[in-house]
Structures are given as C-alpha cells and as structure tokens.
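The values are calculated or read from the model by the stated rules, or taken from the named source; none is laboratory data. The shown structure was predicted, so the numbers you read here are calculated from the model rather than taken from an experiment. Note: ideal-geometry Cβ built from the backbone for every residue, glycine included; neighbour counts use all protein chains shown. With ligands, DNA and RNA removed, areas are computed over all heavy atoms of the protein, side chains included. Shrake-Rupley method; radii C 1.70, N 1.55, O 1.52, S 1.80 Å.
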Amino acid sequence: MPVEEVYSLLKLHEKMISESIPLIASENVTSFAVRMCLLSDFGHRYAMGEVGDRAYSGCAYIDEVEKKAVELSKKLFKAEYVNVRPISGTVANLAVYGALAECGDRIAATPVECGGHTSHFDTASIRCLKTLKLPFDVSSFTIDVEKAERLIREEKPKIVMLGSSVILFPHPVEELRDVCDEVDSEVVYDASHVLGLIAGGKFQDPVREGARIVTASTHKTFPGPQRAVIFGNPGDELAESIDRAVMPGVVSNHHLHSLAAYAVACMEMLEFGKSYAEQTVANAKILAERLYELGIDVIGEDRGFTESHQVVFKGGRNEQKVLEKNGIFVNLWPTTSMIRIGVQEITRLGMKESEMEYIAELIVRSLEGKDVRSEVKELACAFREVQYSFDRRIAHNPEIFDL
Ligand SMILES: Cc1ncc(COP(=O)(O)O)c(C=O)c1O
C-alpha cells in the first residue's frame, strides 16, 4: 500500500526512539490518554468565535472542552486569566508582543547566545519592535541584575522578557520588578521550558513574583501536546487585548484536538505534577553532579549546577554526533559550544537517581570513544511506560504502523 512509504518511516522512528535515551530539553512524551485526543474528530473542526457564540455549527462539545481547559489551567497555574488558544510558544509570544507594545517600542530579552529563545527577537521584528539584549553573566549563568537595571532605566523597554531556553536557575523576576515599574515596563515571563516545574511547585512562581503575563509552550517539562498557554493576572483591559491579539490576531483555528489533549495533560499535572516535577529536578541534579565527578565540564558548579530539568556542559558538534551514534540524543546550543540536556522525558518514563548515575557513565564512556549502544538500548527498553499519568501504556509502539 502506498501509505507504507510514510508508515515504514514512522515505524523506524518509533523503534529508534524506543531504543534510545532522549535527552532533548525541549521535548517530552505524552500519555495514551493525551494521544487519544489527538486522534479524535476535534482535529477536523473549526471553532472561530467565542465559547457559546461560534461562527461555526457543531461546536457544543468543543465548547465544553474549551471551558474545561480554561478552568483546569486557572487551577493549575493559580491565575485569574488564561488563554488556551495559542498553537505554539512562538505564536503566544507574537500575540503578547502585539497586545503590549507598538511598532517602534523596545523589548529586552536574554541574548540567544546566552540561552534566550530566537522567538523573543525574531517575533519582535515581525511587530517592528526594537530589541535589546539583557546583560548576562555567563560564569554564573544568570542575568546580571545590576547591569540589567541600568539598561532598563536608560532604554525604558516596553517589555522585559524573562525566561529562556537554556534555564538552569530562576530568572530575576522579583529583582527587576521595581525598576520595571519605575519606567512602565511590563514583565513577561516565557515559561516554555519550566512550565511543568512551575505547575508542580518546583521552580520559581513568576506570577507571584511580579510577572504581569506568562507565556509558555506546553510540551517540554509540561507533558502535553505541542501548543501553548498564556496566563497571569493582567486586569480586564489587557486580558481583552491579549485575547484579541491571539484570536483572530495570530490564530484563526486553535487546533481543537490538541486543545482537548492539553486539557487531559492539565488533569495529569494536577494529579501527578508535584511528584513528577520533584523527581525531574532531583534527576537533573544527580546527573549534573555525576557528570562533573567523571570529569565533564558542567556549567554552574558554584550554584549546584541546576535547579531545573536541564544540565549544560561544554561540547560541540563532534560530541553531539558521538552521543547520537550511541543512541543518546542531546542538542547543541546554537552559536556556542554548549550541549544542553534535559531529563524531563526520561523521568516521565520512570527513570530515577540510579539511572541518572548510569547515564552519566554512558555519556562519559561514549565521549571517550567506547561503544555503549547496546547498553543504551537495554536501559531504554527497561523504561518504556509513560508514568505520572492515569494510564500506564508504552510510550512507543512501532507495531501500530503495521497495516
Ligand atoms: C523559551 C522558549 N520560548 C518559546 C519557544 C517556542 O515554542 P514553540 O516551539 O512551541 O513555538 C521555545 C521553544 O523551544 C522556547 O524554548
């Protein structure tokens, strides 16, 4: 059958992933309960308009799911305002920039070379905003608060964007709140990477610390489908502008199958989020410490290496390729010689401290040129079920693509 051309590739991919150690910090695996929503008829439908007042017929059950997603998100993130419609983190940022700033305004964000996300800068150019780089202290892997205060006072950016893609430690939301108030800057926190840790109470709480708005993709430490959420306590006026900036501003159809999947992921996080986040952070710390003991140049030694799901060490394309050959998937941070790893996916598959110690050894031995492929495969195959979820099905099943 012609579809086999594609299905055989999907099957090979599922097999490859199931026999590997996935350490990409921006990814995760969803539960079977979440995936069922992605297969549903919701994925064929449109729901323009508002809940209870749609321009399209047939939205009765979609409306109920959207209401549920909003209600669950408010509870999970302890926020008065939630928008569950952005279809990706970049789209959420684009909408928030549109609601908060006007063409010609300035925004300040963590430089990409220090772990900031490209969307903070490229999205700004779509809105014709000028960008400023927040001063960053690479040695302690933190925004330099004193220099940042000076920059904010001098340049008066309309938005100070905190949160980033390489985020080992909390960002200085509380510390920069006052100076932002002084010059009328809005603090926006991009929680894409740490959303699951925030939901589980294991990272900073940007809303309580003074961020006006939080944007986040929902598929990194938050184990949901690929989409995004915006939340906070911005007040009615700003809430309305953000809603308009999202839809119809940058989204005309908010991918309803993945909206349902997101609602289910919220339920999982309300039930299991605390233990999942705790284990994730504990795993990252152990992995970092063990790698360091084994001679790897891990960043952040002075501060205990990490308080998030991430571990960063010095390395380049060669190291990435060697690890990939052995079935250990990591990513190289563009424009630097840093390798970023994340433990949120292997934690979701049930790995704990002793597996972290073993993975550190596997990483070191493969970087020394040893062949650890079969040990990687054996470890991966022992941890195939998605944990911290209502159902305990296997994460990857190549056989579903047998026609
Ligand atoms: C901090 C941050 N913001 C935004 C995004 C973009 O999210 P998406 O890929 O859903 O557009 C990412 C993606 O990795 C990210 O790390």
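The chymotrypsin sites (Phe, Trp or Tyr not before Pro) of the range 1-72 that DSSP puts in a loop, and whose beta carbon has at most 13 other beta carbons within 10 Å, are Tyr56. Mind checking which helices in the chain clear 18 Å along their axis (Cα) and have mean Kyte-Doolittle hydropathy of -1.0 or more, DSSP H runs only? Those that clear 18 Å and a mean of -1.0 are 4-18, 60-77, 256-293, 353-367. Straight-distance candidates among the lysines for linking to Lys15, with alpha-carbon spacing under 16 Å and chain neighbours fewer than 8 residues away dropped: Lys325, Lys377. Once the C-beta distance of Lys147 and Cys103 is scaled by a Förster radius of 30 Å, the resulting FRET efficiency is 0.65 to the nearest 0.05. Listed by chain and number, the lysines whose C-alpha is less than 19 Å from the C-alpha of Lys68, apart from same-chain residues fewer than 8 away, are Lys78.
Taking the chain as a whole, the Cys residues whose C-beta sits 4.7 Å or farther from every other Cys C-beta are Cys37, Cys59, Cys114, Cys180, Cys266, Cys381. Scoring 221-229, 364-372, 86-94 by mean Cβ neighbours within 10 Å over their residues and listing the highest first yields 221-229, 86-94, 364-372.
Inter-part distance, the range 163-179 to the range 185-263, computed on C-alpha centroids, equals 17 Å.
Full extension of the chain between Glu4 and Arg317 gives 109.3 nm of extra length, using 0.36 nm per residue less the Cα-Cα distance.
Using the Cβ-Cβ distance between Lys15 and Tyr358 with R0 = 30 Å, the FRET efficiency computed as 1/(1 + (r/R0)^6) comes to roughly 0.85.
Out of all DSSP beta bridges in the chain, what portion is antiparallel? Express it as a percent rounded to 5.
Of the beta bridges lying entirely in the chain, close to 60 percent run antiparallel.
Given R₀ = 30 Å, FRET efficiency for Asp178-Cys128 by Cβ-Cβ distance, to 0.05? Taking R0 as 30 Å, the efficiency between Asp178 and Cys128 is 0.55.
Considering only protein heavy atoms and a probe of 1.4 Å, how much of the accessible area of the range 1-50 is carbon and sulfur, as a whole percent?
Values: 1970 of 2990 Å².
With neighbouring chains kept in place, the figure for the range 1-50 is 66 percent.
Cα centroid separation, the range 16-91 to the range 346-373: 33 Å. For Lys75 and Glu50, the difference between the fully extended length at 0.36 nm per residue and the C-alpha to C-alpha distance is 6.9 nm. Projecting the Cα positions of Cys114, Ser40, Asn83 onto the charge dipole of the range 32-129 (unit charges on Cβ atoms of Lys, Arg, Asp and Glu, taken about the Cα centre) puts Ser40 furthest along the positive direction.
Accessible area per residue was computed with a 1.4 Å probe on protein heavy atoms; Met1 scores about 150 Å². Measuring between their Cα centroids, the range 128-145 and the range 285-317 lie 21 Å from each other. Taking a straight line from the alpha carbon of Lys75, these lysines sit under 30 Å away, with near neighbours fewer than eight places off in the same chain left out: Lys67, Lys158, Lys202, Lys220, Lys274, Lys285, Lys352. One decimal place: the segment Arg373-Glu240 gains 42.6 nm when fully extended, by the rule 0.36 nm per residue minus the C-alpha distance.
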